[in-house]
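This report refers to the structure that appears directly beneath it.
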Amino acid sequence: MKQKVLYIMLLAALLLAACGGGGSAEQPVVVRVGKAGSPDTLNPGNAILANSYTIFELVYDSMYELNLDGSFRLSIADSAAVSDDGLTWTFKIKDGIKWHDGEALTAEDVAWTYNLYKDTPEYPYLNGYYTTYFDAITFTDNNEVILTLNESIPNLESQLVFLYILPKHIWENVDKLEYENTEMVGSGPFKMTEYAQNEFVRLSANTEYFGTQPKVDEVIFQSFDNQDALVQAIKAGQVDMITEMPSTAAASLKEEPNIELVVGAPLSPYVADIIFNQIDPENCPEDGGICSGHPALLDKNVRLAMAHATNKQQLIDVVLLGLGKPGLTLIPDGLGVWYNNSIQDYAFDVDLANQTLDDAGYVDADGDGIRDMPDGSRSLTFRMNWPSDSIEAPRMAELLGEMWSAIGIALEPSAVDPDALTAQCCPAFDFDIMIWGWYSDPDPSSLLYVYTTDAIPYGSSETGYSNPVYDELYAKQQIELNFDARKDIVWEMQKLVHDDVVYIIPYYSAAVQAYRTDRFTGWITDQAKVELADVTSLMVIEPVK
Amino acid sequence: MNRTRIILRKSAWAIFTIFIVIIFNFFLFRVLPGDPARAGIRDPRLKKEAIEALQVKFGLDKPVINCFETLNPIKLGSCTINPMETQFFIYAGNLVKGELGISYHTNRPVADVLAERLWNTILLIGAGQILSILLGVVLGIVAAWKARTSVDYGAVTASLIAWSLPTFWLGIILLFWGSTVGLPVGGKATPGISTYPLIQQWADIAKHMFLPTLTYTIVYMGEYTLIMRSSLIDVLSEDYILTARAKGLNSTQILRDHALKNAMLPLVTVIAINLGFTVAGVIQIESVFSWPGLGSAIFEAVIRRDFPMLQGAFLLIAVTVILANLLADLTYTFLDPRVNVE
């Protein structure tokens, strides 16, 4: 009896499996995008993950849009004018823009949204960083938004690009912190059709969009819990495009007949860094500072020798399987014009590295193969920690251990829970060397801040580096309105921190994405940055005939 | 009579255990290092004010409990404050109201997320358990009945292999195989299927369930086969079975009426305990096949260091394990009257 039930169940499952699918000719054109992960929340104020921002870019509009070459373009406004003192910006909002529910989008919505972000300190990014310089926002009957700043800043575009415009008529009636916004009403080229958290986001083309119309009917972002499944999904044709994959999968996808691999600088680059604890005891934070770093790391010669002994190309080849470029500072090549490409990196030269340490007095006094401090107090044995969830760090640590043992430096490697690592890191400075990294904003300012003395007590400075000249330059570029002049300052700052060997930046990893060539054509792949899920690509792709 | 007392006493112990778990669960996440408000967010754009606002939002600005400001690092605080203003009693008070807090990661009430995910997991575990129990029992009976023949050796070897296979590895292998034969590699349903007729939606879910259920069945089937086999072999060597044979009963009668009832006892215990633990055990299967259940929620919460979510999930798992044990205990007293004797 039981067996019978079982057979019937198995049979039913197989039958159902066999008859699934099957389509008709009138089906909408759907692009399926595979994502490792899903949006954390659709409330733009609360959102942190890039997966959420990908959806916001498609469903909402902002004052400016970020181009794939790193520049900005005006989006919902016809014009932007700035007063001579740089404090008052006037944006003329386009007439006739409609929300997805049919209501008109006006300057009032824009002003209301900016005020919402400005007045909600619980919104971690949109309030904390992007509205720092907002003083007041008002609107006129002429459909204009007037934004007054408390300081004239050079990078307003990059501050406004993530401030998505929300419909006042909906948001004024909800709890701005708890609202989940699962039925997003935006004004962008795509509308929210269906959302299942951690499963998928289904968007459909907004046929009333004020700009060019998308050529597809629907975009579906499907979430996968692991990247291996993602790779199998594109191989099997269950998704048309994927935006991430393990480095090891890239080679196998390259050989698939119907799949094209796209490699380039990522839209929001992740910069891996090798952090030296060089906090001056005088700067040790009063609140929570432990500052137990190895004294040798305060000596630039030691850091310089380690930089000379680091074979970045080998790191790239082994850790990233070749999918990256040697790094210089926290400002990656993906930031385009802000990246100082004139810096000459330290040559990989073990002899020079040994010479540097010999000259500085670090010799192996006790003959154990490890150099000692000039006063003989302790050996050059450094603790080296990395977050235990990192895939790249263990391999990198092993290679660095080998590279640096060639110059008489020993490591005590250990993978640490990311929370514990945060506790060791900053502002405690209770470590010697760490492997970690940052995500970069389109504007260089946020990562340049990491090197400043001001950042030490707040946990953003990981090295404890403090250089008054640098701090002054940082303040200067914050208010330099002339683009070229600001660029020169930003370049000078990179030169400065590179010369001081504040970090060793092993590499800038490339974005590796892939699409199926037998499904859609027209993906934008010739820009400085690679992002197939960017609105520009999704607007122009067409089904393969 | 006696039975009621036993049920009451066992239930009281279960409730007491849950109570201990609730307390332990709270402090477990408070002794972990790091600042939960910053967990998962490491960004120079996050200013001090924003961190403070987040701490207030999640109630982390309040002392953990009277006399202790924080537990890692241990920071003493005032002992005379109103206990209802401490994190512990707010947590306990919310629990009474059925609230498990707000997830740091999704900003949604933890209870809502868990409730949503629980059904998907029950669907997966339900199908997998039924299949593995049926197959395991049948295979175990056959192996025991044909003990020390090639059928038995084959069944035992296969079961041992299946039982010792690492779940995630088996899952990945099946995923690779499944993708080549057109089975979906992830998710519960094809996105957008909700506009189709109901029968097609079910078919779609069945198709998505196939690989994870298969993985689950293979892994648990081996265990059930082995237990069933050894338990039945034990029973079959008892004197009363010999008596049954001597009375001239046929094999089916001996198995069905005399041997199986007693041989099932150990299996019932294992199944009941497994039911409790599989809620946690499906983490690997769900994260391989992106099945939107509790397991993948826990996996995600660990990655994001979403403490309220983990706290809620741990509580749910603990309660399930305790209840499953209670159930096993009680079933036992019904199946085997000897257990009633105190």
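Might you check whether a residue that is at positive phi, modelled with pLDDT of 95 or more and either out of contact with any Pro (no Cβ under 9 Å at 6 or more places or on another chain) or assigned to a helix (DSSP H, G or I) (or both) occurs anywhere in the range A:401-411?
Taking the range A:401-411 and keeping what is at positive phi, we get A:408.
Checking which are modelled with pLDDT of 95 or more leaves us with A:408.
Add one more test, that the residue is either out of contact with any Pro (no Cβ under 9 Å at 6 or more places or on another chain) or assigned to a helix (DSSP H, G or I) (or both), and what stays is A:408.
Yes: one or more hits.
Answer yes or no: is there a residue in the range A:320-337 that is without any contact (Cβ under 8 Å) to a residue 24 or more places away in the chain, in a loop (DSSP other than H, G, I, E, B) and either surrounded by 14 or more Cβ atoms within 10 Å (Cβ to Cβ) or in contact with a Ser or Thr (Cβ under 8 Å, 6 or more places away or on another chain) (or both). Within the range A:320-337 (the criterion being without any contact (Cβ under 8 Å) to a residue 24 or more places away in the chain, in a loop (DSSP other than H, G, I, E, B) and either surrounded by 14 or more Cβ atoms within 10 Å (Cβ to Cβ) or in contact with a Ser or Thr (Cβ under 8 Å, 6 or more places away or on another chain) (or both)), the answer is yes, since at least one residue qualifies. Just wondering, is there one or more residues in the range B:41-59 that are part of a loop (DSSP other than H, G, I, E, B) and modelled with pLDDT of 80 or more? Looking for residues that are part of a loop (DSSP other than H, G, I, E, B) and modelled with pLDDT of 80 or more, one finds at least one in the range B:41-59, hence yes. Do you know which residues across the range A:147-166 are of a type in the set (Ser, Thr, Tyr) and either buried (at least 21 other Cβ atoms within 10 Å of the Cβ) or more than 24 Å from A:Leu68 (Cα to Cα) (or both)? If the condition is that a residue be of a type in the set (Ser, Thr, Tyr) and either buried (at least 21 other Cβ atoms within 10 Å of the Cβ) or more than 24 Å from A:Leu68 (Cα to Cα) (or both), then A:Thr148, A:Ser152, A:Tyr164 are the ones that fit. Output yes when any residue across the range A:175-189 is at pLDDT 95 or above, closer than 27 Å to B:Gly192 by Cα, buried (at least 19 other Cβ atoms within 10 Å of the Cβ) and among the aliphatic types (A, V, I, L, M), and no when none is. Yes.
In the range A:124-149, the residues that are closer than 22 Å to A:Ser445 by Cβ reach residues that are among the β-branched types (Val, Ile, Thr) and at pLDDT 95 or above with C-beta atoms within less than 7 angstrom, at least six apart or across chains, in these pairs: A:Asp135/A:Thr148; A:Ile137/A:Val145; A:Leu147/A:Ile137; A:Thr148/A:Thr88.
Among all positions in the range B:136-156, there is at least one residue which is on the phi > 0 side of the Ramachandran plot and either within 26 Å of the chain's Cα centre (by Cα) or not in a helix (DSSP H, G or I) (or both).
Scanning for something more than 13 Å from chain B (Cβ to nearest Cβ), touching a strand residue (DSSP E or B) at 6+ places or on another chain (Cβ under 8 Å), in a loop (DSSP other than H, G, I, E, B) and surrounded by fewer than 24 Cβ atoms within 10 Å (Cβ to Cβ), does the range A:201-208 turn up at least one residue? Yes - at least one qualifying residue is present in the range A:201-208. Which condition does A:Val512 not pass, out of (1) buried (at least 24 other Cβ atoms within 10 Å of the Cβ); (2) under 25 Å from A:Gly289 (Cα atoms); (3) not small (Gly, Ala, Ser), if it passes all the others? Single failed check for A:Val512: (2). Applying a threshold of 8 Å to beta carbon distances and a minimum spacing of six or more residues, or different chains, the list of pairs starting in the range B:177-197 at a residue that is on the phi > 0 side of the Ramachandran plot and in contact (Cβ under 8 Å) with a residue 60 or more places away in the chain and ending at one that is of a type outside the set (Lys, Arg) and not in a loop (DSSP other than H, G, I, E, B) reads B:Gly187/A:Phe200; B:Gly187/A:Gln222; B:Gly187/A:Ser223; B:Gly187/A:Phe224; B:Gly187/B:His208.
Taken together, B:Ile254, B:Ile233, B:Ile273, B:Ile241 contain a single residue that is in contact with a helix residue (DSSP H, G or I) (Cβ under 7 Å, 6 or more places away or on another chain), under 30 Å from A:Asn198 (Cβ atoms) and either of a type outside the set (Phe, Trp, Tyr) or surrounded by fewer than 24 Cβ atoms within 10 Å (Cβ to Cβ) (or both), which is B:Ile273.
For (1) surrounded by fewer than 21 Cβ atoms within 10 Å (Cβ to Cβ); (2) assigned to a strand (DSSP E or B); (3) among the β-branched types (Val, Ile, Thr), each residue gets a yes or a no:
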residue: A:Gly34; (1), (2), (3): no, yes, no
residue: A:Ala47; (1), (2), (3): no, no, no
residue: A:Ser52; (1), (2), (3): yes, no, no
residue: A:Ser62; (1), (2), (3): no, no, no
residue: A:Asp101; (1), (2), (3): yes, no, no
residue: A:Pro121; (1), (2), (3): yes, no, no
residue: A:Leu126; (1), (2), (3): no, no, no
residue: A:Val145; (1), (2), (3): no, yes, yes
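Is it the case, given these coordinates, that B:Leu267 is at pLDDT 90 or above, more than 10 Å from every other protein chain (Cβ to nearest Cβ) and buried (at least 19 other Cβ atoms within 10 Å of the Cβ)? It is false that B:Leu267 is at pLDDT 90 or above, more than 10 Å from every other protein chain (Cβ to nearest Cβ) and buried (at least 19 other Cβ atoms within 10 Å of the Cβ).
Restricting to the range A:147-170, count the residues that are assigned to a loop (DSSP other than H, G, I, E, B) and within 14 Å of chain B (Cβ to nearest Cβ). Let's see the steps before the verdict.
Of the range A:147-170, the ones assigned to a loop (DSSP other than H, G, I, E, B) are A:150-155, A:161-167.
From what's left, within 14 Å of chain B (Cβ to nearest Cβ): A:155, A:161-163.
So the answer is 4.
Out of everything in the range B:278-292 that is part of a helix (DSSP H, G or I) and over 14 Å from B:Thr217 (Cβ atoms), what residue ends up being nearest to the other protein chains (Cβ to nearest Cβ)? Selected residue: B:Ser287.
In the set (1) surrounded by fewer than 21 Cβ atoms within 10 Å (Cβ to Cβ); (2) small (Gly, Ala, Ser); (3) within 12 Å of chain B (Cβ to nearest Cβ), A:Gly437 fails one condition alone, (1).
Only one of B:Ser159, B:Ser194, B:Ser179 is more than 7 Å from every other protein chain (Cβ to nearest Cβ) and either touching a Lys or Arg at 6+ places or on another chain (Cβ under 8 Å) or farther than 15 Å from B:Ser287 by Cβ (or both); which?
Details: B:Ser194 fails: more than 7 Å from every other protein chain (Cβ to nearest Cβ); B:Ser179 fails: more than 7 Å from every other protein chain (Cβ to nearest Cβ).
Selected residue: B:Ser159, the only one of B:Ser159, B:Ser194, B:Ser179 that is more than 7 Å from every other protein chain (Cβ to nearest Cβ) and either touching a Lys or Arg at 6+ places or on another chain (Cβ under 8 Å) or farther than 15 Å from B:Ser287 by Cβ (or both).
Among the residues making up the range B:198-216, those that are surrounded by 21 or more Cβ atoms within 10 Å (Cβ to Cβ) and either touching a Ser or Thr at 6+ places or on another chain (Cβ under 8 Å) or not in a helix (DSSP H, G or I) (or both) are B:Asp204, B:His208, B:Thr215, B:Tyr216. When the residues of the range A:260-307 are filtered to those that are in a loop (DSSP other than H, G, I, E, B) and among the acidic types (Asp, Glu), the one that is surrounded by the most Cβ atoms within 10 Å (Cβ to Cβ) is A:Asp299.
Could you tell me whether the range A:59-68 includes any residue that is away from chain B (no Cβ under 14 Å), under 20 Å from A:Ser223 (Cβ atoms) and of a type outside the set (Ser, Thr, Tyr)? Yes; the residues of the range A:59-68 include at least one that is away from chain B (no Cβ under 14 Å), under 20 Å from A:Ser223 (Cβ atoms) and of a type outside the set (Ser, Thr, Tyr).
Of all residues in the range A:424-450, those satisfying the criterion of being within 20 Å of A:Gly289 (Cβ to Cβ) and in contact with a strand residue (DSSP E or B) (Cβ under 9 Å, 6 or more places away or on another chain) are A:Gln424, A:Cys425, A:Phe431, A:Asp432, A:Ile433, A:Met434, A:Trp436, A:Val450.
What do you reckon, is B:Phe334 hydrophobic (A, V, I, L, M, F, W, C), surrounded by fewer than 17 Cβ atoms within 10 Å (Cβ to Cβ) and more than 14 Å from every other protein chain (Cβ to nearest Cβ)? Reasoning before the result, please.
Values: hydrophobic (A, V, I, L, M, F, W, C): yes; surrounded by fewer than 17 Cβ atoms within 10 Å (Cβ to Cβ): yes; more than 14 Å from every other protein chain (Cβ to nearest Cβ): yes.
It is true that B:Phe334 is hydrophobic (A, V, I, L, M, F, W, C), surrounded by fewer than 17 Cβ atoms within 10 Å (Cβ to Cβ) and more than 14 Å from every other protein chain (Cβ to nearest Cβ).
Among the criteria (1) part of a strand (DSSP E or B); (2) over 30 Å from A:Ala397 (Cα atoms); (3) of a type outside the set (Lys, Arg), the one A:Ile524 does not fulfil is (1).
Every listed requirement among (1) touching a residue at least 24 places away in the same chain (Cβ under 8 Å); (2) in contact with a Lys or Arg (Cβ under 6 Å, 6 or more places away or on another chain); (3) more than 30 Å from B:Leu310 (Cβ to Cβ); (4) not hydrophobic (A, V, I, L, M, F, W, C) is met by B:His208 save one, (3).
Among the numbered conditions (1) within 24 Å of A:Leu298 (Cβ to Cβ); (2) at pLDDT below 95; (3) aliphatic (A, V, I, L, M), the only one that A:Val337 does not meet is (1).
The values are calculated or read from the model by the stated rules, or taken from the named source; none is laboratory data. Worth saying up front: this structure is predicted, and the values here are computed from it rather than measured. Here Cβ is always computed from backbone atoms with ideal geometry, including for glycine, and neighbour counts include all displayed protein chains.
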